[in-house]
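I have placed the structure first, in the form of structure tokens, so that the comments after it can refer back to it.
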Amino acid sequence: MFGGGGMNPRKMKQMMKQMGIDVQELDAERVVIETADGDLVFDDAQVTKMDAQGQETYQIVGSPEEVADAGAGGLSAVEGGDESVDATERDAGVTDAIPDEDVALVAERAGVPESTAREALEDADGDLAAAIAALE
């Protein structure tokens, strides 16, 4: 009914590149999703990162195990040494730091120093367009 099995993977990659979509496989050992009702733990999950015009989307494929609290067994991005989080934020336990790439993009587009761009992004809760608009 739908034409014999889909699109050629090479053609699909070419079309995605033309549309500004970058897909990358991540070598994840463990993925933990924390919810109010408990945690979902994916061991050896297949994780794909898709970047489409600056918006990052992650796809997790695997079978999760439901646990009450998985926090003790794994490291968060902050505890694991994510370079986009400075020492003050790491010590304070801040996990939703503004990525350095976003800061650089706002600084470049608005023509301001990165410190000013970071403040604007924090005021805009990480919204790139709102931060740029506030600075212009």
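Rounded to the nearest whole Hz, the Karplus-based 3J(HN,Hα) values (6.51 cos²θ - 1.76 cosθ + 1.60, θ = phi - 60°) of the range 36-52 follow the sequence 5, 8, x, 10, 10, 10, 9, 9, 6, 7, 8, 10, 10, 10, 10, 10, 10, with x at glycine and proline. Magnitude of the charge dipole for the range 1-70, about its Cα centre and with charges confined to Cβ atoms of Lys, Arg (+1) and Asp, Glu (-1), is about 920 debye.
For the range 113-119, putting each phi into the Karplus relation 6.51 cos²θ - 1.76 cosθ + 1.60 with θ = phi - 60° gives couplings of x, 4, 5, 5, 4, 4, 4 Hz, in residue order, rounded to whole numbers and with x for Gly and Pro. In sequence order, the range 122-136 has phi-based couplings of 5, 5, 9, 6, x, 6, 4, 5, 5, 5, 5, 4, 5, 8, 8 Hz under the Karplus curve 6.51 cos²θ - 1.76 cosθ + 1.60, θ = phi - 60°, and Gly or Pro positions carry x.
Over all Cα atoms in the range 1-70, the spread is summed up by Rg and Dmax: 16.1, 46 Å.
All of the numbers you see were taken from the coordinates with simple rules; none came from a lab. Nothing here was measured: the structure is a model prediction, and the numbers come from that model. Quick reminder, even Gly has a Cβ in these numbers, built from the backbone with ideal geometry, and neighbours come from all protein chains shown.
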